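Here, each number is a calculation from the coordinates, and none is a lab measurement. In this text, all values refer to a predicted model and were calculated from it rather than measured experimentally. Using ideal geometry, Cβ is built from the backbone for each residue, glycine included, and neighbour counts are taken over all protein chains shown.
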Amino acid sequence: MSGRTSLTIVLAAGEGTRMRSSMPKVLHQVAGQSLLAHVLGAAPHGDGSALAVVVGPDHQKVADEATRARPDAATFIQRERLGTAHAVLAAKEAIARGADDILIAFGDTPLISAETFARLRAPLQAGAALAVLGFRAKDPTGYGRLLVDGDQLVAIREHADATPGEREVDLCNAGVMAFDGKTALKVIESIGKANSKGEYYLTDAVEVVRAMGLQATVIETSEDEVRGINTKAQLAEAEAIMQARLRQAALDAGVTIVAPETVFLSADTTFGSDVTLEHYVVIGPGVSIADGAVIHAFSHLVQAAIGKNASIGPYARLRPGTSVGEGARIGNFVETKAAILEAGVKVNHLTYIGDTHIGAGANIGAGTITCNYDGFNKHKTVIGAGAFVGSNSSLVAPVKIGAGAYIGSGSVITREVPEDALVFERSPVSVKEGWAKRFRDDRAAAKKAR
Ligand code: UD1
Ligand code: MG
């Protein structure tokens, strides 16, 4: 942005009562990320880009989320909810520090893009004191209407204060504004509260700017980009829009997605080249998938790193802390958690691997369970490279199995197995010849007697 500095102020002091939730509105998620984090992610980044988030009192969690998403964010508390202009002034200290462009955005519009912030700043460079983001609303009810004269923005009229004629206008205020830093504070501090709600409306900035003989203008964007979230239904709509975007971006980047409408991604999902996602794959936050990996149908991944050419699923569940090495295979009905699988490991069927490190090339048979929890604490299992764990074995952690060891199927391993050791640890089987027939005959007789 041609060297201009910026301060972005994100308003997030609202209660969000219409969400009918005990959680503050902006902490609800779209594509695995809070509404607030989406907005903060789109806001200008890097040198010369300051960020302030205005939160309500008792909203420590919102402040924490702001600094988690953007460690450079300063948070300010709006003690009383007296309107959007009043909320901006909670960050007065940051405004007073000065910036070329002062941007205002709402924490509940998660679909806004970085490009739109950049577009909105352009008129300031051309001399405008204020640029407002507008959109054509299918149903403008409730939005502030943008009243224009040629390329000039004359006023924003809140729905409640608009005349029937003004309500006909479909060009609406998205809530995102860019102020020239030289006049921003003076403009916002001049805003009064002479309106039907008795609130300090940020939208009145337009008339203040005009009265000062300065210019205000509109930059238009699509309605989808500025949808505000007030209800769970709107949250679900935003999710659908975001998923469509993420799928398109993945397809554009060369990911094969067999049935895109059935695949769900997170905003932070990363892909290498030639990755394939089969039907009904759900990818939660913190997942990276390297070159050539295939995620087969009906798999669910969260906080997992998938190595090159690995194969996952169908029906696999990879939980947080899973790392799958190059060429490794995780098959159907396998669950992993805090599990590091080195290159070439095979865990093909019906298995739970938790708090475990598996060395390269080890083979874990069907039905193997790492018994990681003793009812009080979690314990670790370490399986050496090239080990073979026979089907239906229980590995009772903490336990180590040496490299190259061979565990017979059905074993219950409760102590360390040395490298290259062979273990068959089963209860002796007693075989009683002919007893099955006697058992059946007895039951048949008992049934007859009833
Ligand atoms: C606002 C705009 C309206 C616009 C619409 C777009 C004003 C006066 N109106 O109306 O023109 O069409 O958004 O969605 O700006 N907030 C605070 N503190 C406050 C009041 C609000 O932090 O005291 C925050 C809210 O949490 C929210 C944002 O500001 O993130 C907007 O407030 P909201 O009450 O939703 O305004 P709208 O009535 O939707
Ligand atoms: Mg709103």
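Which of the peptides 182-195, 80-93 is most tightly packed, and how do the rest follow, judged by the mean count of other Cβ atoms within 10 Å per residue? Don't skip to the answer; put the middle values down first.
Values: 182-195: 16.9, 80-93: 20.4.
Packing proxy ranking, top to bottom: 80-93, 182-195.
At 0.36 nm per residue, minus the direct Cα-Cα distance, what do Leu422 and Ala160 gain on full extension? Give it in nm, one decimal, please. Intermediate results must be reported in sequence, preceding the final value.
Working: separation 262, 0.36 × 262 = 94.32 nm, distance 7.99 nm.
Between Leu422 and Ala160, full extension yields an extra 86.3 nm.
Scan the range 323-384 for chymotrypsin sites (Phe, Trp or Tyr not before Pro) in coil per DSSP, keeping those whose Cβ has at most 12 other Cβ atoms within 10 Å, and list them by number. Show your work: numbers first, answer last.
On the way: sites: Phe333, Tyr352, Tyr373, Phe376; in loops: Phe376.
Those satisfying the criteria are Phe376.
Using amide H atoms built 1.01 Å from N in the peptide plane, name the residues 5+ places from Lys380, or on other chains, whose amide H lies under 5 Å from its own.
Correct list: Val399.
Suppose the chain between Ser196 and Gln60 were pulled fully straight at 0.36 nm per residue; how much longer would it get relative to their current alpha carbon spacing?
Values: separation 136, 0.36 × 136 = 48.96 nm, distance 3.15 nm.
Working it through step by step, the gained length comes to 45.8 nm.
For the chain, give the share of DSSP beta bridges that are antiparallel, in percent and rounded to the nearest 5; count only bridges with both residues there. Provide the component values of the computation, followed by the final result.
Numbers: 19 of 99 bridges.
About 20 percent, rounded to the nearest 5.
Mind checking Rg over Rh on the range 305-450, alpha carbons, Kirkwood formula for Rh? Write out the running numbers ahead of the final one.
Working: Rg = 19.1 Å, Rh = 16.4 Å.
That ratio is 1.17, to two decimals.
Have a look at Gly434, Gly327, Gly375 and tell me which one the Gaussian network model of the chain (Cα, springs below 10 Å) gives the largest fluctuation.
Result for the chain, Cα springs under 10 Å: Gly434 fluctuates most.
With just the Cα atoms defining each centre, how far is the range 291-317 from the range 363-413? Give it in Å.
The two parts, judged by their Cα centres, are 22 Å apart.
For a label point 7 angstrom out from the Cα of Lys92 toward its Cβ, which stretches of the range 154-198 have the backbone nitrogen within less than 17 Å?
In the range 154-198, the label zone of Lys92 (backbone N under 17 Å from the point 7 Å along Cα→Cβ) covers 183-193.
At 7 Å along Cα-to-Cβ for each site, give me the label-to-label distance between Glu261 and Gln248 in nm.
1.6
Would you mind telling me the antiparallel percentage of the DSSP bridges in the range 134-187, rounded to 5? Provide the component values of the computation, followed by the final result.
On the way: 9 of 9 bridges.
Rounded to the nearest five, the antiparallel share is 100 percent.
Between Lys448 and Asn392, what's the calculated FRET efficiency when r is the beta-carbon distance and R0 is 51 Å? Round to 0.05.
Details: r = 38 Å, r/R0 = 0.75.
So the FRET efficiency works out to roughly 0.85.
Roughly speaking, what is the stretch gain from Gln125 to Trp435, that is 0.36 nm per residue apart minus the C-alpha to C-alpha distance, in nm to one decimal? Walk me through the numbers before you get to the answer.
Working: separation 310, 0.36 × 310 = 111.60 nm, distance 9.33 nm.
That pair, Gln125 and Trp435, stretches by 102.3 nm at full extension.
Note the direction-averaged projected area, equal to a quarter of the hull surface, for the Cα convex hull of the chain, in nm². Numbers along the way, then the final one.
Details: hull surface 128.4 nm².
Projected area, direction-averaged: 32.1 nm².
Expressed as a whole number of Å, what is the distance separating the alpha-carbon centroids of the range 17-93 and the range 132-165?
26
Asp72 versus Ser273, label points 7 Å from Cα toward the beta carbon: distance in nm?
Going by the 7 Å Cα→Cβ label model, 3.2 nm.
For the chain, give the magnitude of the charge dipole about the Cα centre (Cβ charges: +1 Lys/Arg, -1 Asp/Glu; no others), in debye to the nearest 20.
Rounded to the nearest 20 debye, it is 2120 debye.
If you build a Gaussian network model of the chain, linking Cα atoms that sit under 10 Å apart, which residue out of Arg145, Arg329, Arg136 swings the most?
Arg136
Separation between the Glu237 and Ser222 pseudo-spin-labels, each 7 Å from Cα along Cα→Cβ, expressed in nm?
1.5
Angle between the Cα long axis of helix 232-252 and the longest principal axis of the chain, 0 to 90 degrees, nearest 10?
In the chain, helix 232-252 runs at an angle near 70 degrees to the longest axis.
Write out the trypsin sites (Lys or Arg not before Pro) in the range 381-430 meeting two conditions: DSSP loop, and at most 10 other Cβ atoms within 10 Å of their Cβ.
Working: sites: Lys400, Arg415, Arg426; in loops: Arg415, Arg426.
Counting only loop positions with at most 10 other Cβ atoms within 10 Å, the trypsin sites (Lys or Arg not before Pro) in the range 381-430 are Arg415.
For the cross-link pairs Lys193/Lys232; Lys25/Lys92; Lys337/Lys400; Lys138/Lys232; Lys61/Lys308; Lys25/Lys182, which exceed 29 Å when the distance is taken from alpha carbon to alpha carbon? Let's see the in-between values first.
Numbers: Lys193/Lys232 31 Å; Lys25/Lys92 24 Å; Lys337/Lys400 18 Å; Lys138/Lys232 20 Å; Lys61/Lys308 37 Å; Lys25/Lys182 33 Å.
Correct reply: Lys193/Lys232; Lys61/Lys308; Lys25/Lys182.
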